[in-house]
Amino acid sequence: MTPISMPYTAMLIVPTGVGAAIGGYAGDALPVARAIAQVVDCLITHPNVLNGAQLYWPITNALYVEGYGLDQVALGRWGLRPVHQNRIGLVLDAGIESDLRWRQLQAADAARATLGLSLTDYVVTDAPLGVSLQTADSGATWGTIQRPDSLLRAVEAAIHRGGAEAIAVVARFPDDVGSDALTQYRQGQGVDPLAGAEAVISHLVVKTFRLPCAHAPALQPLPLDPSISPRSAAEELGYTFLPCVLAGLSRAPQFTDRVDAHSLWANQIQTLIAPDSACGGAAVLGLSQTARLITVGDNSTMMQASPDTLGLPALRVASYLEAIGAIAAERAGVHLDALTPTLLPLRPL
C-alpha cells in the first residue's frame, strides 16, 4: 500500500545485450519510457533505454542511471540525488583515428553550443583500450577491454584535474562490416553486437568512482542500406553516437550514501517493469522484494528467467500498454479486476 502523499516512483529495466524485442536496438524503448513517465511522478531507467545515438528526448521526470549504479540502488546500497546540471568529463580512447576523434569532439562542441551543456576539456587515454566483442552460447553479447587501467587513469584525470561530475567514454570498437550479427541487427533481428561490451566499460567506471557514466562507441560509418529496420535506424544518422549520452549525463543523478529529503532510495520505488523472460538480474531480484513487479510478455529476450521460474510474485501483462494501464489503475485506486468483464461475486472466507 502506497501512502497517497508519497510520489509514485517506477523503475523501467530492459537488460542490455540480450536481444530484447523492444529496447534491444537504437533507443527503441524510448517511446515506452516517455509513455510510462506520463503516469508516474518519477521514472528511473538506464542509458540503453533512453539513448538513440543522435536522437534523445528530454523527459523531465526521468532519472538516467547507469546499469551497475541502478543495481546498487535497487539493492538498497546507494541512493540517488537529482541534480540540475553535471559537468561532464569526456574520455576518448587513444585507439580512435584522428578523423574519427574530430567527429566526437565536434559533437561535444555542438552539445555545448546548441544544448548549453557543461563539459570539461577532454582526456585521451594513455594507451588504446583494446575493446573486443564476444557472443555467449545463449546469443547474448559481452566484451572485454585489454587496458582497463588506462581507462581508469583517464577518468581519474577528468575528475581530479577537470572537475568532472559525470563521465562520457568514447571507445574505439571493432568495425564488423559484413558480419551476420551486424546484418541481422540492422534488419531489426538478433542482438546488439556492441551492447555487452559497452556495459563492461560503464560498469567499471561507476563501480570505481561512483559517478554517473555512459558510453558511446566510435565506429566508421556503415555503407548505405535502404532496407534498414526502423528500430536500428538511429545508428545510421551520422558519425557519432555521443549526443544522446551527453544529453543524458547532463542531468543524471549523483549516487549518495545520505538518507535525506533530497535523496531517493529503493524503499521509495513502488513499481518495477521488466521483460517477462529477463527477471534474473540483480536489480529485479533485489527490488522485487519491496516493489510490485510488472513483467511484459511481448518484450521477448534470449533469456529464460521468468517470475515463475525464479519464484517472484509478479503481475504478468502482455504489453507495455497494459503495464501503463495497470499503473494508472493503481494510482486511481481501481482494482484491476474491476476493469474486466469477469468480476466474480464475493465468497465466504
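At a glance:
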| read-out | value |
| --- | --- |
| Residues within segment 298-344 that are in contact with a Ser or Thr (Cβ under 9 Å, 6 or more places away or on another chain), open to solvent by 70 Å² or more (accessible area, probe 1.4 Å) and assigned to a loop (DSSP other than H, G, I, E, B), tallied | 5 |
| Subset of segment 281-301 [under 12 Å from Val14 (Cα atoms) and of a type outside the set (Val, Ile, Thr)] | Gly281, Ala283, Asn299, Ser300 |
| Residue in segment 240-254 that is in a helix (DSSP H, G or I) and in contact with a His (Cβ under 8 Å, 6 or more places away or on another chain) present | yes |
| Neighbours by Cβ (under 7 Å, 6+ apart or cross-chain): first from segment 207-225, buried (at least 22 other Cβ atoms within 10 Å of the Cβ) and at pLDDT 95 or above; second small (Gly, Ala, Ser) and assigned to a loop (DSSP other than H, G, I, E, B) | Pro212/Ala252 |
| From the options Thr45, Thr60, residue that is polar (S, T, N, Q) and farther than 21 Å from Pro15 by Cα | Thr60 |
| Residue among Leu194, Leu119, Leu129 that is at pLDDT below 90 and either in contact with a strand residue (DSSP E or B) (Cβ under 7 Å, 6 or more places away or on another chain) or crowded, with 18+ Cβ neighbours inside 10 Å (or both) | Leu194 |
| From Leu264, Leu293, Leu272, residue being touching a Cys at 6+ places or on another chain (Cβ under 8 Å), under 28 Å from Ile167 (Cβ atoms) and either crowded, with 24+ Cβ neighbours inside 10 Å or at pLDDT 95 or above (or both) | Leu264 |
| Residue list for segment 107-144, restricted to those being part of a helix (DSSP H, G or I) and either without any contact (Cβ under 8 Å) to a residue 40 or more places away in the chain or more than 20 Å from Leu246 (Cα to Cα) (or both) | Asp109, Arg112, Ala113, Thr114 |
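The values are calculated or read from the model by the stated rules, or taken from the named source; none is laboratory data. Just so we're clear, the structure is a prediction, and the values are computed from it rather than from any experiment. All Cβ positions, even for glycine, are placed from backbone atoms using ideal geometry, and neighbour counts span all protein chains on display. Quick note on the areas: whole protein, heavy atoms, side chains included, nothing else; ligands and nucleic acids left out. Shrake-Rupley method; radii C 1.70, N 1.55, O 1.52, S 1.80 Å.
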